[in-house]
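To start, the structure itself, in structure tokens.
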Amino acid sequence: MGRSRRGDESPMSFFSFQDVMMCTIGVTIVITMVLIMQIGADAAVVEATESQANADLPKSRAELASEAAGLKDRLNLAAQKKSPNQAIVRGTLRQELRSELDKRQRALDEKKNVELKVREMVALSSADPSAIEAAELIRKRDELEERLASTQLRRRVTYLLAQDDRKPVIIEVSGAQLVAGTNAEQDSPLAIPLNDPATAAALLKQWIQSLPDPTKRTLLFVVKPSGIAMWRDISQTFANDTELSSLPRGLDLIEEESYTSDRFRPAAQGAKP
């Protein structure tokens, strides 16, 4: 209880009202200064962060632009690789392969049926040696025919041709002969015995010029090991020719036993031009 003045009933305090107000003002000033200092420190941190972000912004933009350019190039390359023309060519090739597989499957099913019938015949006449021998011969024949078909498919070389205004001319060169043809059934193939490169080149030129649109052709030389020297001579002759030198030319090397068409099989080497 505070002291009271003599003759006065109100309590007496140690601090006056002015003292309390001064203390309150001082505390308020201190708190305000602390808050101002804290806000200044936070503002400095924010300013430093923004400065660092602004400094990294041009670098980030350059990196993003470079990455975007790279992605665009990759998209363009992928679009070129997956062009509609190539998709059509691949689809056609898949259909042909599927048709070939279906034919072989039907042949295998027929073969199994024949073998089953032969086994039944053998079972009925097991005592007949000629029936057993006939069944074995039929089995060997079917096996050899299947192996021959597989070997011929492996030896045949197939090319994927893009859609183009220029039509391909396939020229197969071996040591014994030169065979030329197109992918059109109405164009007759050409076979030339290779006795003289100059004569072969002249006959080949005459045949190319007899084709429809001879100036819109692409020459694809398919060369076997035995025909490399002959191809060099013919290619040099074509390079010096004013009419044939403008035609695009390609080159592919294949094995001696391979061929590009059923009409170009090595067994047909004795054909006349």
* Would you please name the residue that is surrounded by the most Cβ atoms within 10 Å (Cβ to Cβ), looking only at residues in the range 202-236 that are touching a Pro at 6+ places or on another chain (Cβ under 7 Å), more than 12 Å from ALA180 (Cβ to Cβ) and in contact (Cβ under 8 Å) with a residue 40 or more places away in the chain? => MET230
* Is it true that SER174 is surrounded by 21 or more Cβ atoms within 10 Å (Cβ to Cβ) and either without any contact (Cβ under 8 Å) to a residue 40 or more places away in the chain or among the polar types (S, T, N, Q) (or both)? -> yes
* To do: Give the residue, chosen from LEU178, LEU244, LEU211, LEU204, that is assigned to a helix (DSSP H, G or I) and aliphatic (A, V, I, L, M).
  => LEU204
* To do: Taking SER150 as the residue in question, decide whether it is at negative phi, modelled with pLDDT under 75, assigned to a helix (DSSP H, G or I) and not hydrophobic (A, V, I, L, M, F, W, C).
  => yes
* Among THR218, THR260, which is the only one that is β-branched (Val, Ile, Thr), at pLDDT below 85 and in the same structural domain as ILE171 (by TED's automatic domain parsing)? -> THR260
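The values are calculated or read from the model by the stated rules, or taken from the named source; none is laboratory data. The shown structure was predicted, so the numbers you read here are calculated from the model rather than taken from an experiment. Note that we place each Cβ from the backbone using ideal geometry, even for glycine, and neighbour counts take in every protein chain shown.
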